[in-house]
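Please read the structure below before turning to the comments.
The values are calculated or read from the model by the stated rules, or taken from the named source; none is laboratory data. Note that the structure is a prediction, hence the values are computed from the model and not measured. Because the Cβ atoms are built from the backbone with ideal geometry, glycine has one as well, and the counts that use them run over all protein chains shown. Heavy atoms of the whole protein, side chains included, go into the accessibility calculation; ligands, DNA and RNA do not. Shrake-Rupley method; radii C 1.70, N 1.55, O 1.52, S 1.80 Å.
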Amino acid sequence: MGTAAAAWLGYKTRSFELLLLAEGDQVLDVGCGLGEDVRAIAGLVRGVSVVGIDASEDKIRDASAQTLGLPRPVDFRVGDAYALPFEDATFDACRADRVFHHLVDPEKALAEMARVTRADGRIAVSDTDYDSLVVEAVDRELTHRILQHHADRMECGRVGRKLPGLFLDAGLTSIAVTPYAAVATEYDEEVLKLRDKADRAAASGAVTRSDAARWVESLVEAARTGRFVCAQVVLTVSGRKA
C-alpha cells in the first residue's frame, strides 16, 4: 500500500505542475525549509532558477550545504514571509507548501507573494485543513479531543478551506482547487507524529496522560493487526496574477 511518507508527500508532483514552468522562469519557494522542493523544482525544466527563503537561519544554512556541488541554479536566503526581500514583479512563479498553517496572518503572506510575482505569473499554495485529519481508533471521543487540540493549537490550523477566498482577496485570477487525500495504513511516528499530538494534548490538559498513552497503544495495536488508518486532505490552490 506504500509508505506513510510517500502518502503524505503525494500531492507535491501536481503542485509543481501547477506552476506551469517554462525555460528561463524564476521561481520563489516561501518557507522552503531544508530545500528539498527547491532542488526538485530546479531539476524539472531546463533553465529554471529557484530561490528558497525561510525564517530559520539554521534551515537555510543546512539547505545551502546540501546544495553545494549540484549543477542547478538555486539560491537560499533567510527571509520573512510577511516582508519578502525582493522587488515587485521579480518572479514568474511563486509557491508555499504547508507553510500557511504556521502563520498568524496568511493573507499578508499571500499579498507579498503576489507582489513579487510578475503580471500573469503563477502562484500555488498547498496546505491542509486539520479538521480533515482522521485516525481510526477504538475510542472515538478521545480521538476527537486529541485531534481537535492539534487543529486548535496551530496558528491557522484550518487554513486549507480558506485558501480559495484568500486568493480572491489577493486579486488573483484563474483560481483552481486541486485536492489530494493522503492515506497511511502503517503507523510511522516520524511522519504522522500521532504520539506527539497525544503528548501535546496531555500537556495542555485536553486529555489525561494515561488516556494519551492508552490512545497511542491502541494505534500501535491497530498497526500490528493491519487495521491502522490515518488520512488527511491537502488542498493546492493555484491562480495567476492579473
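Rg/Rh, computed from the Cα trace of the stretch 1-137 with Rh as the Kirkwood radius, has the value 0.97. In the stretch 1-72, the alpha-carbon atoms span a convex hull of 105 Å³ per residue. When the charge dipole of the chain is built from unit charges on Cβ atoms (+1 for Lys and Arg, -1 for Asp and Glu) and taken about the Cα centre, the candidate among Ser56, Pro71, Val125 whose Cα reaches farthest toward its positive end is Val125.
Using only Cα atoms and rounding to the nearest 10 degrees, what angle (0 to 90) does helix 140-153 make with the longest principal axis of the chain? Orientation of helix 140-153: about 30 degrees from the principal axis.
Compared with the alpha-carbon gap, the fully stretched path from Glu87 to Glu221 is longer by 42.9 nm at 0.36 nm per residue.
Quick one: in the chain, what % of C-alpha pairs are over 24 Å apart? The answer is 49 percent, as a whole percent.
Working from label points 7 Å from Cα in the Cα-to-Cβ sense, the Ala65 to Leu168 distance is 4.6 nm. Measuring spread by the Cα atoms of the stretch 82-136 yields a radius of gyration and Dmax of 13.4, 48 Å. Distances between placed amide hydrogens fall under 5 Å for Cys32 paired with Ile53, Asp54, all partners being 5 or more residues away or on another chain. Rg and Dmax, both from the Cα atoms of the stretch 108-218 and both in Å, are 17.8, 56.
The residues of the chain present an accessible area of 48 Å² per residue when probed at 1.4 Å with all protein chains retained. Our estimate of slack between Ser49 and Ser204, defined as 0.36 nm per intervening residue step minus the Cα-Cα distance, is 51.4 nm. From the alpha carbon centroid of the stretch 1-66 to that of the stretch 124-170 is 23 Å. Protection proxy ranking, highest mean first, for peptides 20-27, 108-115: 108-115, 20-27, where packing is the per-residue count of other beta-carbon atoms within 10 Å, averaged. Taking 7 Å steps out from each Cα toward its Cβ at Val134 and Asp152 produces label points 2.3 nm apart.
Taking the C-alpha atoms only, the angle from helix 106-115 to the longest principal axis of the chain is near 20 degrees.
Averaging 1/r across all pairs of distinct Cα atoms in the stretch 68-172 and inverting the result yields a Kirkwood radius of 15.7 Å. Computed from label points 7 Å out along Cα-Cβ, the spacing between Ser56 and Lys193 is 1.0 nm. Between the helical axis of 209-224 and the longest alpha-carbon principal axis of the chain there is an angle of about 80 degrees. Considering only protein heavy atoms and a probe of 1.4 Å, how much of the accessible area of the chain is carbon and sulfur, as a whole percent? It is 52 percent, rounded to a whole number. Taking 10 °C and 1.306 mPa s as conditions, the stretch 154-242 diffuses translationally at an estimated 101 µm²/s according to Stokes-Einstein applied to its Kirkwood radius (Cα pairs).
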